[in-house]
Each structure stands twice: as C-alpha cells, then as structure tokens.
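What follows is a set of notes on a single structure, which appears directly below.
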Amino acid sequence: LQTVDDETWPLDDRGLRFTLDTRMHKAENMADALGMGMHRTIRTVRIIYQNLYAMVFGRVSAFTMSGPLTIADVSYRIAGEALWQFILFIGMINVNLAVINFLPIPVLDGGHMVFLIYEKIRGKPAPESVLAAAMYIGLACILALMCFVLYLDAKRLIF
C-alpha cells in the first residue's frame, strides 16, 4: 500500500487554511442603519460584561486591561488607516466607558443608582457617614484601578 498526496487538500503542510472572513453589512435605509448600530452596541456591551465577569472569577487575566496610554497609541495607529475604523474604535471606547461608569461603585453613576434604589426601598437616604465612607472607598478603588492600568500601559509601551 502506497500513500498518495491529495491535490485538493489545502496547505498540505498544516492541513488547514485560515482565511479572513470579511463581510460587508450595508444598511438599506436610516432605520436599518440605526438597528444595525443598536445591535452592535448591545453585542459590545454584552462582551464587556462577560469579560468583566471572567476577570472577576479569574478566567481572564487582569493584565489584559489597557488604560489611556494604550488607547492613545491604538487611536493614533487606527487614525492612520481609515476614518471609519477610527470612528468605530472611538464608539467602542465610549460604550466601554459607559458600561464601566454604570458599575455599582459609589463614586460612579452606578453607585449613585444603588444609593437611590436603597433610598426608594428604605424611604429615607442612607446616613451621611455611610455615603462618605462608600465614596472614599469607591474613589480609592477607582484610583487603584487607574494606577494599575497606567502601570500596565507603561510596562507594555515603554519597557
């Protein structure tokens, strides 16, 4: 029994061919364009929450986060490519910041919503000392996160 090469098999050295899957999505009218934009935004929000969830439970490393230096670097590179890619990137950053802003951290809008819901349920606002302590703790968490991502950015871009 002798082996014979299969001439129809792509890339016989690996057995696989990885090609880019590019598809053009073009809206027929303004309503279709708004629907496509909403669908993409919802999908992006879901992916951001899934990544945050995975990060909290250790399935995704916190070292994959990026901060303002990486955002500036990537913006500069994307802006040199095509305007539409840059607009999509800026939109993605805005959606990401909106999701982060609505997390239940007291300094952020999500934290304010938690206290408003608490006030609605209880019938009176939380004590001033609790609000102040929560704000300081939230601010410390945000500042620690900012220092961490700046460290990661500097490590990634400079060193």
Close pairs (8 angstrom Cβ cut-off, 6 or more residues apart or separate chains): closer than 19 Å to F89 by Cβ in the range 23-42, aliphatic (A, V, I, L, M) anywhere: H25/M36; A33/A27; M36/A27; T41/V95
Flag for L97 being modelled with pLDDT under 95, under 20 Å from I142 (Cβ atoms) and under 16 Å from the mean Cα position of the chain (by Cα): yes
Close pairs from the range 129-149: first assigned to a helix (DSSP H, G or I) and among the aromatic types (F, W, Y), partner open to solvent by less than 80 Å² (accessible area, probe 1.4 Å) and modelled with pLDDT under 95, Cβ under 8 Å, at least 6 apart: F148/A62; F148/M65
Selection within the range 98-128 - in contact with a helix residue (DSSP H, G or I) (Cβ under 6 Å, 6 or more places away or on another chain), closer than 18 Å to I42 by Cβ and open to solvent by less than 90 Å² (accessible area, probe 1.4 Å): V99, N101, L103
Matching residues in the range 72-97 - criterion: being of a type in the set (A, V, I, L, M), open to solvent by less than 60 Å² (accessible area, probe 1.4 Å) and under 22 Å from I42 (Cβ atoms): I93, V95
L69 in contact with a helix residue (DSSP H, G or I) (Cβ under 7 Å, 6 or more places away or on another chain), over 22 Å from I47 (Cα atoms), in a helix (DSSP H, G or I) and open to solvent by 70 Å² or more (accessible area, probe 1.4 Å): yes
Qualifying residue in the range 49-66 (condition: of a type in the set (K, R), farther than 29 Å from K26 by Cβ and either in a helix (DSSP H, G or I) or open to solvent by 70 Å² or more (accessible area, probe 1.4 Å) (or both)): yes
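The values are calculated or read from the model by the stated rules, or taken from the named source; none is laboratory data. The structure presented is a predicted model; accordingly, all values stated were derived computationally and were not measured. Ideal geometry is used to build each Cβ from the backbone, glycine not excepted, and the neighbour counts take in all protein chains shown. We work out accessible area using only protein heavy atoms, side chains counted, and drop any ligands, DNA or RNA first. Shrake-Rupley method; radii C 1.70, N 1.55, O 1.52, S 1.80 Å.
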